[in-house]
1. Based on the alpha-carbon gyration tensor of the range 82-182 and its eigenvalue square roots a ≥ b ≥ c, which shape applies: rounded if a/c is under 1.5, prolate if not and a/b is larger than b/c, or oblate?
2. Could you do me a favour and compute the accessible area per residue for the chain, 1.4 Å probe, result in Å²?
3. Using only Cα atoms, locate the centre of the range 181-236 and the centre of the range 397-459, then give the distance between them in Å, rounded to an integer.
4. What is the calculated FRET efficiency for Ala295 to Gln65, with r their C-beta to C-beta distance and R₀ = 41 Å, to the nearest 0.05?
5. Quick one: grab Rg to one decimal and Dmax as a whole number for the range 28-120, Cα atoms only, in Å.
6. Rounded, prolate or oblate for the range 141-215? Axes are the square roots of the Cα gyration tensor eigenvalues, ordered a ≥ b ≥ c, and the cut-off for rounded is a/c under 1.5.
7. Under 16 Å between alpha carbons, and skipping anything fewer than 8 positions from Lys279 in its own chain: which aspartates and glutamates qualify?
8. Nothing charged except the Cβ atoms of Lys and Arg (+1) and of Asp and Glu (-1): what's the magnitude of the dipole of the chain about its Cα centre? Round to the nearest 20 debye.
Amino acid sequence: MRVSIGDEVNKWVSRGLDRHIRLAVTGLSTAGKTAFITSLVNQLLHVSTNPRLPLFAPVRDGVLQGAKRVPQPDLCMARFGYDEGMGRLLSDPPSWPQPTNDVSQIRLALKYVPQQGALKYLQNSATLYLDIIDYPGEWLLDLPMLELDFYAWSEQQFASLKGKRETLAATWRESMRDRDWSQAADESLLAEVSKHYTDYLYQCKSAAGLHWVQPGRFVLPGELAGAPVLQFFPIDPEQVSAQQVADADKDSALGLLKARFEHYKQHVIKPFYKQHFSKFDRQIILVDCLQPLNAGPESFNDMRQAIEHLMGSFRYGRNNLLKRLFAPRIDKVLFAATKADHVTPEQHPHMVSLMQQIIHEAYQHASFEGISMECMSLASISATTPGFVSHKGEQMAALQGTGLDGEARMLFPGEVPKRLPNSAFWDEQGFDFVPFRPGNIESDEPLPHIRMDKALQYLLGDKF
Ligand code: GDP
């Protein structure tokens, strides 16, 4: 069989056409992942007529011609509920998309006029497949557990039992009182204490607005709900010594707890990093700084601590374990302070500088091994309109929107601190960032947003 040079070139070109990018979207619960992905997909699906993306060069310059949804490649992963989310936004009254609690995925095919490399000369159009993967940031909080043994992890958990945590942990600790963990394991007792521990973690999240909860799967179990691998808990280092844990019989309660902890590390944490994390190309981390500012200093500091832990997943330079095991290939990370439509526009730069402070250490370290990072504020789906009100003869910035109760609101929600708030600040300042309902949206128009185009430019602009 004769193969012509033309055939070879065509083969080479079509291989070049099939380009892929895997964009990972993460953030702690309620940070705004579902709203962000819904808006991102919606903006791209309207690309040929979208007047709302002036900062996204491929659209502005007419390079990106169109986008459509195509079946996702990974058949074992849940589908991201775009239609369901849009259904809620377009209903009357509109409501926010329902968040997902597991990994989910959606794929778009983006048709564009190649601007780079040989394709520029050989083809009029090419396709970039964009896989968007949504996964809970809580799962990234588990990474540091890989470097701890059961006893060291127990010590760390007990050291954190202060303030609200100490109060919330009372029932769980009571259920552990006067137990001899060196005795033969009683499965039903372990299940009962695990349930109290899990309840404690849930309460930290939902009642107290705290984010740093470990193990992450206990509060967002995904497909592992009810599995014995989620039935363990830390033991009190004042009652049990490191030596007792090391010498524990494998059939004792201590032995079983230790084994389940190790199993969780090997069969839950590691596979997550191997299957997903190592394959991502780009990453966006969404952070809601406003809700913790509303909730007070404990919640705010806890959020900072959670973000710091979460950043550990991007500190490849320092984290040899991560590098050795998973060889991640992410080259760009975007930190986005979400829900910017909750504050008046002149506060947006404050949101960015606050965010920069929160991730300061990671941000300034060039040890990110060639990963570029950027911080911005955005609103995936803007629910307010900025304006002015006159107060005592002065024009004051204000926001107009509809509260979750359906009442029209005009308000100035408060100032976002430029720097990390100190104790004097908490004493003096009052924040009132009220939640808004999404506005009425036309089904043939792209969703209103703030700076989604800037985010798209950073994450995808160089790929066409
Ligand atoms: P997830 O848990 O990270 O997926 O968070 P969601 O995307 O479900 O967002 C949680 C809630 O935050 C939503 O139900 C909305 O109330 C609010 N929210 C998210 N994004 C925005 C936004 O861009 N603007 C406004 N005003 N609210 C938002």
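1. Numbers: a/c = 4.67, a/b = 2.05, b/c = 2.28.
It comes out oblate by the Cα gyration axes.
2. Numbers: 21080 Å² over 464 residues.
So the chain comes to 45 Å² accessible per residue, rounded to a whole number.
3. If we compute the Cα centre of each part, the gap is 35 Å.
4. Details: r = 45 Å, r/R0 = 1.10.
Given R0 = 41 Å and the Cβ-Cβ separation, E is 0.35.
5. 15.3, 50
6. Working: a/c = 1.82, a/b = 1.24, b/c = 1.46.
In terms of gyration-tensor shape, oblate.
7. Output for Lys279: Asp74, Asp131, Asp134, Asp331.
8. Numbers: 48 positive and 54 negative charges, 369 e Å.
So the magnitude is around 1780 debye.
The values are calculated or read from the model by the stated rules, or taken from the named source; none is laboratory data. Note that the structure is predicted; figures quoted are calculated from it, not measured. Note that we place each Cβ from the backbone using ideal geometry, even for glycine, and neighbour counts take in every protein chain shown. Ligands, DNA and RNA are excluded from the accessible area calculation, which covers all protein heavy atoms including side chains. Shrake-Rupley method; radii C 1.70, N 1.55, O 1.52, S 1.80 Å.
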